[in-house]
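To keep things clear, I will list the structure first and then write my remarks on it.
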Amino acid sequence: MSESIVTVLGAGLAGCEAAWQIARRGVRVRLVEMKPHKMTPAHHAAGFAELCCSNSLRSDALSNAVGLLKEEMRRLDSLILQTADATRVPAGSALAVDREAFSRTVTAQMRQHPLIEIVEEEATEIPAEGVVVVATGPLTSEPLAAHIAAMTGEDGLYFYDAVAPIVDFASINMDVAFFASRYDKGDADYINCPMDKEQYDAFYQALISAREAELKEFDKEGQRSPKVFEGCMPVEVMARRGYDTLRYGPLKPVGLIDKRVGREAFAVVQLRKENREGTMYNLVGFQTHLTFPEQKRVFSMIPGLENANFLRYGVMHRNTYLHSPGFLDATYAVRREPRIFFAGQMTGVEGYIESAGSGLVAGINAARRARGMEAVTLPRETMLGAMAGYVGEGGIGDFSPMNANFGIVPLLDHKVRGGKAVRNEAISARALERLEALRAQLEA
């Protein structure tokens, strides 16, 4: 066992994953978390790894980029994936979790690990010595954010994340709504609220003209030009792009047959389980920045939600990201001071699993550095390596947060017949083969 200590700042998904990877390699961890003494505007619970936006960790299929990312992480003993699998709730082919059980389990793993020391205090600066992983998230507290800004020499990049509402299942009118999965694939885990054209027209007009909430002071501070990341696009912003945008997006009716009438609706709003008991459901794709009264008025126009009890309304908040290309390398280390690693959304990865994945890579390499070993850069053919490479080098044009996707992975060196899904599965097979070749080195 090494006597070195790695400091991890932040106990979100990335911080907990990094701490886990470091500790399982025999290196002591000092995990610094300001909750519960101080909370960010986006957090409400005292536990670690709080899922604020949604309880979905998206597809498990290897024809999907995030499905590949999750499989890579499972093979590298990811705490976040272990916990997600143990606390999952039915969601068809997607991996969704009971978020309270998820956070509770991760918190217990952190607190019970003999090599992890929990320090409940606000970090105001990066320690001047030793190996450090900074995983304080896109709402990093002001003193530390100022310290990081001075260190990077770059202005923050401001994007806006929106959170979807949650309704009480008992208040959903199941005489109108129905359970089904698209194309009847998997279990019928989604509640579907069908709209005819007249209902959609009325809903659409109400949505695009509804009043939005005023930005809070912490959202306004440092604002240059508001940008909304596509992955968390508020539903009202999406609707204003065109009449059919929602019908080809979150309200897509294709493959959802209401067996009571034997046909597809004009549009369908889907709701997904928020907890294992099925007492709470969130509106899929309905991240929003509307005022609370407007959310109640407009979303109650959805058939089946006429008398819905909204347990939580949607909210929107500012997220701050590093300009990572050129500042970080493909191990998430600071190029000019490689004892310091960053992980999580603030690096420019977008999404729960992507954040945890960056923590996994940063944690592996922080442990290696603490033990005097060479860093390991994962192959770009893997999704973990492709994401780290994107963060370190960027793409074409302005740098912006990025979800896992096959567009950042090198093309296959041969043609694959059978369509997109078959091609993506071949890319995934190549990635897992490359990862397996490195397993022994990564586990050292």
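Here are the numbers for this structure:
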| quantity | calculated |
| --- | --- |
| Arg58 accessible area, assembled protein chains, probe 1.4 Å, Å² | 70 |
| Reference-scaled alpha-carbon Rg (2.2 N^0.38 Å with N residues) for the chain | 0.98 |
| On Cα atoms only, tilt of 65-75 relative to the major axis of the chain in degrees | 40 |
| Size of charge dipole - the chain - debye, nearest 20, with Cβ of Lys, Arg +1 and Asp, Glu -1, no other charges | 840 |
| For the chain: lysine pairs under 16 Å (alpha-carbon distance), excluding those fewer than 8 apart on one chain | 4 |
| Per-peptide average of other Cβ atoms within 10 Å, ordering 76-82, 196-202 highest first | 76-82, 196-202 |
| Translational D in µm²/s for region 296-444 (Stokes-Einstein at 37 °C, 0.692 mPa s, Kirkwood Rh from C-alpha pairs) | 186 |
| Most to least accessible of Phe179, Phe341 (protein chains only, probe 1.4 Å) | Phe179, Phe341 |
| Dipole magnitude of region 77-197 about its Cα centre (Cβ charges: Lys, Arg +1; Asp, Glu -1), debye to nearest 20 | 540 |
| Between 0 and 90°, nearest 10: helix 420-443 axis offset from the chain longest Cα axis | 30 |
| Charge tally in the Cβ shell below 15 Å around Arg368, where Lys, Arg are +1 and Asp, Glu are -1, Arg368 excluded | +4 |
| Whole-percent pair-distance distribution, where bins are 10 Å wide, for the alpha carbons of region 1-150 | 11, 39, 34, 15, 1 |
| DSSP-assigned coil residues among trypsin sites (Lys or Arg not before Pro) in region 334-399, each with at most 12 further Cβ atoms within 10 Å | Arg335, Arg336 |
| For region 245-251, 3J(HN,Hα) per residue [Karplus equation, 6.51 cos²θ - 1.76 cosθ + 1.60, θ = phi - 60°, Hz, x = Gly/Pro] | 4, 5, 5, 9, x, x, 9 |
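The values are calculated or read from the model by the stated rules, or taken from the named source; none is laboratory data. None of these values were measured; they are calculated from a predicted model. Note: ideal-geometry Cβ built from the backbone for every residue, glycine included; neighbour counts use all protein chains shown. For the accessible areas, the whole protein counts, side chains as well, though only heavy atoms, and no ligand, DNA or RNA atoms are used. Shrake-Rupley method; radii C 1.70, N 1.55, O 1.52, S 1.80 Å.
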